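The values are calculated or read from the model by the stated rules, or taken from the named source; none is laboratory data. Small disclaimer: the values here were computed from a predicted structure and weren't measured. Don't worry about glycine lacking a Cβ; one is built from the backbone with ideal geometry, like all the others, and counts go over all protein chains shown. When the accessible area is computed, the model is the full protein with side chains, heavy atoms only, and any ligands, DNA or RNA have been set aside. Shrake-Rupley method; radii C 1.70, N 1.55, O 1.52, S 1.80 Å.
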Amino acid sequence: MRSFTEIEQNRLAKLERLRERGEHPFPHRAERSHSISMATQYFSELSSDKDNNGENSIEMTLCGRLRSVRTMGKLAFAHIEDVSGRIQLLIRSDAIGKDRLKQFEADFDLGDFVQATGKLMETRTGEVTLDVSNFRMLAKSISPLPAAKEVDEEGDRKVYSAFDNVEARYRERYADLAVNPHVREIFRIRSGTISALRYFLDKRDFLEVETPVLQPIYGGAAARPFSTHHNQLHQDLFLRISFELYLKRLLVGGFERVYEIGRDFRNEGVSLTHNPEFTQLEFYWAYSDYEDVMMLTEQMVAFVAGEVCDDTLVSYQGHKLDFQPPWRRISLREALIEYSEIDYVNSSDDQLVSHCKSREIQIPSKATRGKLIEMLFSKCVEPHLIQPTFVYDYPRDISPLAKSKENDPNTVERFEVFVGGLELCNAFTELNDPIDQEQRFVDMGRDHNQESGEAHPLDLDYLKAMSYGMPPNGGFGMGIDRLVMLLTDQASIREVILFPHLRPKE
RNA sequence: GGGCCGCUAGCUCAAUUGGCAGAGCAGGGGCCUUUUAAGCCCUUGGUUACAGGUUCGAGUCCUGUGCGGCUCACCA
């Protein structure tokens, strides 16, 4: 049985009083003639019209949530807020009657959704205000919203007793959104980001597709999966860890440019930059290679930044990021030389191990040479890559789906993008030789075997698809959550995910 | 999973060497016709995350648990 606080019990009593007067506390329908921003815009246009002799207002009906109330005896001021903005109401007893004003004061609370009819006017202080002739309840709020007070001051919203407890905000994101406009703005930018990506790719003849989330064999990345079960088919299934292997099957099928935006699931640790489910963009582009993909990547991200931030210059955690192409390009080998003075081409495996140890990097029991290089890179280079940077040409043994360089079989045509110290993108010239691919899977399975005692799944159907012939292509993956972090200046991935994963509260 | 830090009223936060658990806002009762954190008077509200322990006495010290934050590991 739910228990109600004293405040909630008070509000339930008000709700009953509304009912007793015949006012429905939750009517089925609202009437609204204007959004709040439309109303204020209309008012300012009529006010600036010199031929219009003071006839600058019409009756209108606005809807929104009560965010402040100030009662003054025979009148009351209040603000209501809708998705477009906020406006002040003036409720006068000589307009609506003394009893009606009393009812407003007694039975309407902050957080209630209300409907108010009246004409717009300006108060002495020049604030556009609805002079209310009629109002009614649209939805009674039983529980008080967490933020106590806030107010607009010359465009700047000042918040008092802000609701900023991180845990409480994530657990009750609805309340967080209701009282923190800057949080709503993050998710508007997130939505705009995805729209802009779709627009950019659609304009270039990429076809948006959907591939299975439930997969009998997981692949395309090196993460541990979530597993589940189909009861009727008696089939164990995995939630996908990437889209890659299915999207490339579509190139076999004759599509030349495909992309997917969707959710990946990785059963790994959570951190400021990792959530168990996250949103990924992947595209595959026939008859292109990783250099073409680099060009498209910098154009695409700059386009998105321009769309949602109105600029390719973006503030991030005290840095000024510049997404304007061309971005810096540096090979993995050069980057390590520059930031750590290690040239792995001229280093033995033992020397790489000692480099790791001197930098307090913990080495897994069975680390390949490529893994050592990658760990050195993460430790020594990654934190320094603030401006958008392509790091290209990676060790073959940590890139089983990428094609080797023509003159260097131990290096693959692969790049990653780093911005603000975050890994943002991963892309390569895709391996399309089924014999080579099978050998890579086998090699990878052997390493995996020794590490964990489990065989890495061998996707025979994927090899079969590739055996029919896959055009040469460049492939690309980008973490959308991290891109949104960059575009909204957020240090935590949880701030850009509406309902981030939390342990159950008890 | 390891380490560090945190958890006090609906919200934001105080509480001296261990000594009566407080404020602002929100809530309730009043006054008030141009306020906008409105103001003024009065007022309700607490299992100090939870369970133990030390002590005459614990929000404060100790142990454990839960949840969170940061961080390390893991995550090509």
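Pulled fully out, how much extra length does the chain show between A:Tyr199 and A:Asn10, if you take 0.36 nm times their separation in residues and subtract their Cα-Cα distance? Please list the in-between numbers first.
Details: separation 189, 0.36 × 189 = 68.04 nm, distance 5.03 nm.
Result for the pair: 63.0 nm of gain on full extension.
Mind checking the full-extension length gain between A:Arg92 and A:Glu172? Use 0.36 nm per residue of separation minus the Cα-Cα distance, one decimal, nm.
Values: separation 80, 0.36 × 80 = 28.80 nm, distance 3.61 nm.
Net length gain for the segment: 25.2 nm.
Using a 1.4 Å probe, what is the accessible area per residue for chain A, in Å²?
Here the per-residue accessible area is 51 Å².
Treating cross-link reach as a plain straight distance, find the aspartates and glutamates whose alpha-carbon is under 14 Å from the alpha-carbon of A:Lys119, omitting any fewer than eight places away in the same chain.
Those aspartates and glutamates meeting the cut-off are A:Glu55, A:Glu59, A:Glu127, A:Asp131.
For A:Ile361 and A:Asp289, compute 0.36 nm times the residue count separating them, minus their Cα-Cα distance, and round to one decimal in nm. Please list the in-between numbers first.
Numbers: separation 72, 0.36 × 72 = 25.92 nm, distance 3.36 nm.
Taking 0.36 nm per residue and subtracting the Cα distance, the gain is 22.6 nm.
Only residues of segment A:18-42 count here: report those whose backbone N is under 11 Å from the spot 7 Å along Cα→Cβ of A:Arg184, or say none.
A:36-37
Taking all protein chains in place and a 1.4 Å probe, what share, in percent, of the accessible surface of segment A:6-144 do carbon and sulfur account for?
49 percent
Please compute the contact order of chain A in relative form: average sequence separation of alpha-carbon pairs under 8 Å and at least six residues apart, divided by the residue count, as a percent.
Values: 913 pairs, mean separation 58.1, N = 506.
Here the relative contact order equals 11 percent.
Could you look at segment A:265-395 and say what percent of its accessible area is carbon and sulfur, using a 1.4 Å probe and all protein chains?
Details: 2940 of 6290 Å².
Carbon and sulfur together cover 47 percent of it.
Are there any trypsin sites (Lys or Arg not before Pro) in segment A:33-128 that are in a DSSP loop and have at most 11 other Cβ atoms within 10 Å? List them by number. Show your work: numbers first, answer last.
Working: sites: A:Lys50, A:Arg65, A:Arg67, A:Arg70, A:Lys74, A:Arg86, A:Arg92, A:Lys98, A:Arg100, A:Lys102, A:Lys119, A:Arg124; in loops: A:Lys50, A:Lys74, A:Arg124.
Passing sites in segment A:33-128 are A:Lys50, A:Lys74, A:Arg124.
Using Cα pairs closer than 8 Å and at least 6 residues apart in sequence, work out the relative contact order for segment A:6-144, in percent. Kindly include the intermediate steps, with their values, before the conclusion.
Working: 269 pairs, mean separation 39.3, N = 139.
Relative CO of segment A:6-144 lands at 28 percent.
For an R0 of 22 angstrom, estimate the FRET efficiency from the Cβ-Cβ distance between A:Asp408 and A:Ile435 and round to the nearest 0.05.
My answer for the efficiency is 0.65.
Measure up A:Lys14/A:Lys140; A:Lys98/A:Lys140; A:Lys74/A:Lys140; A:Lys74/A:Lys98; A:Lys248/A:Lys464 against 18 Å on the Cα-Cα distance and list the ones that go over. Kindly include the intermediate steps, with their values, before the conclusion.
Values: A:Lys14/A:Lys140 9 Å; A:Lys98/A:Lys140 22 Å; A:Lys74/A:Lys140 24 Å; A:Lys74/A:Lys98 7 Å; A:Lys248/A:Lys464 12 Å.
Too far apart for the 18 Å limit: A:Lys98/A:Lys140; A:Lys74/A:Lys140.
When you count, for each residue, the other Cβ atoms within 10 Å and take the mean per peptide, how do A:242-250, A:40-48, A:372-380 rank with the highest first? Display every interim value, and only then the final one.
Numbers: A:242-250: 23.1, A:40-48: 15.0, A:372-380: 19.8.
For the peptides A:242-250, A:40-48, A:372-380, the packing ranking is A:242-250, A:372-380, A:40-48.
Between A:Arg100 and A:Ser467, what is the spin-label point distance in nm, taking each point 7 Å from the Cα along the Cα→C-beta axis?
Computed distance between label sites A:Arg100 and A:Ser467 equals 8.1 nm.
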